[in-house]
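Take a look at the structure below.
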Amino acid sequence: MNIDRNYIRQRIEASIAIKQEVLKDEVLMDRLLALSNECIAAFKRGNKVILAGNGGSAADAQHIAAEFVSRFEFDRPGLPSIAITTDTSMITAIGNDYGYERVFTRQLEAISKPGDVFIGITTSGNSVNVVHALERAKDLELVRATFTGQAGKVHELAEYVIAIPSKHTARIQECHILMGHILCGIVEDAMFERPVK
């Protein structure tokens, strides 16, 4: 197969096309703004944001949590956030003892408190461990959000559904990190004053 610049160009154009669809979706923008306000309210009352996902979505969960805890666009105090995808001993112990579908649920039961925000990331919308975590999050009185694609069970389980209008995993993930960055930016600007340059 002869791969040239057209291959690269087509992928960039495909990514832009999905982002243009997102840009036209006023409902999606309102949902992201509402989720941002929930995160701001949670941080102000001493709660935290908890994130989880599988594979590339696990990396997105870690990335967003790191932006909250470390910094996003400017230096400021850290915001309490954690990705429950990072501890291999925890994940393998829970997976071994209770099943992989409970690796996030068990951690939510142990570390969350009412008023925390849980963001489950799943491109398919049907990742069993994310589905179970969102179901349990309701019982635990957590704010429930999901970053997902255009279909799946999580649409019925989350209060805030950030759904990318695509079934293509890579395109969905590219938009998820954009949504994550926007979320972090809104929260950071609301919580702290930007330093004067």
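Here's the yes/no breakdown for (1) over 30 Å from Pro195 (Cβ atoms); (2) in contact with a helix residue (DSSP H, G or I) (Cβ under 9 Å, 6 or more places away or on another chain); (3) part of a loop (DSSP other than H, G, I, E, B):
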| site | (1), (2), (3) |
| --- | --- |
| Phe68 | no, yes, no |
| Ile82 | no, yes, no |
| Gly95 | yes, yes, no |
| Gln107 | yes, yes, no |
| Phe118 | yes, yes, no |
| Ala133 | yes, yes, no |
| Arg136 | yes, yes, no |
| Gln150 | yes, yes, yes |
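Quick check on my filter: what residues within the range 152-189 are of a type in the set (A, V, I, L, M, F, W, C) and part of a loop (DSSP other than H, G, I, E, B)? Give the derivation first.
Within the range 152-189, the first condition is being of a type in the set (A, V, I, L, M, F, W, C), and the residues that meet it are 154, 157-158, 161-164, 170, 172, 175, 177-179, 182-184, 186-187.
Hits for the range 152-189 are Ala158, Ile164.
For the range 154-172, a residue qualifies if it is within 29 Å of Glu109 (Cα to Cα), small (Gly, Ala, Ser) and touching a residue at least 60 places away in the same chain (Cβ under 8 Å), and exactly one does: Ala163. Out of everything in the range 59-82 that is without any contact (Cβ under 8 Å) to a residue 40 or more places away in the chain and in contact with a Ser or Thr (Cβ under 9 Å, 6 or more places away or on another chain), what residue ends up being least open to solvent (accessible area, probe 1.4 Å)? Going through the qualifying residues, I end up with Ala65.
Residues that are loosely packed, with under 15 Cβ neighbours inside 10 Å and not hydroxyl-bearing (Ser, Thr, Tyr) within the range 83-107 comprise Asp87, Ala93, Asn96, Asp97, Gly99, listed in sequence order.
Note on the range 1-47: residues that are in contact with a strand residue (DSSP E or B) (Cβ under 6 Å, 6 or more places away or on another chain) and either without any contact (Cβ under 8 Å) to a residue 60 or more places away in the chain or open to solvent by 40 Å² or more (accessible area, probe 1.4 Å) (or both) total 2.
For every residue, the table says whether it meets (1) open to solvent by less than 10 Å² (accessible area, probe 1.4 Å); (2) touching a residue at least 24 places away in the same chain (Cβ under 8 Å); (3) more than 17 Å from the chain's Cα centre (by Cα).
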| residue | (1), (2), (3) |
| --- | --- |
| Glu109 | no, yes, yes |
| Thr123 | no, yes, no |
| Ala145 | yes, yes, no |
| Gly152 | no, yes, no |
| Glu174 | no, yes, no |
| Val187 | yes, yes, no |
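Mind checking whether some residue in the range 53-63 is part of a helix (DSSP H, G or I), of a type in the set (Gly, Ala, Ser), closer than 18 Å to Leu134 by Cβ and over 15 Å from the mean Cα position of the chain (by Cα)? Looking for residues that are part of a helix (DSSP H, G or I), of a type in the set (Gly, Ala, Ser), closer than 18 Å to Leu134 by Cβ and over 15 Å from the mean Cα position of the chain (by Cα), one finds none in the range 53-63, hence no. Please go through the range 116-153 and pick out each residue that is touching a Pro at 6+ places or on another chain (Cβ under 8 Å) and within 22 Å of Arg45 (Cα to Cα). Result: Leu140, Glu141, Leu142.
Residue pairs whose Cβ atoms lie under 9 Å apart, sitting 6 or more positions apart in sequence or on different chains, and linking a residue in the range 84-95 that is within 23 Å of Ala66 (Cα to Cα) and among the polar types (S, T, N, Q) to a partner that is outside any helix (DSSP H, G or I) and modelled with pLDDT of 95 or more, are Thr85/Leu51; Thr85/Ala52; Thr85/Gly53; Thr85/Asn54. Annotation: of all residues in the range 1-33 being assigned to a helix (DSSP H, G or I) and of a type in the set (S, T, N, Q), the one that is farthest from Ser166 (Cα to Cα) is Asn6.
The values are calculated or read from the model by the stated rules, or taken from the named source; none is laboratory data. As the structure is a prediction and not an experimental result, all values here were calculated from the model. Methodologically, a virtual Cβ is constructed for each residue, glycine included, from the backbone with ideal geometry; neighbour enumeration extends over all protein chains shown. For the accessible areas, the whole protein counts, side chains as well, though only heavy atoms, and no ligand, DNA or RNA atoms are used. Shrake-Rupley method; radii C 1.70, N 1.55, O 1.52, S 1.80 Å.
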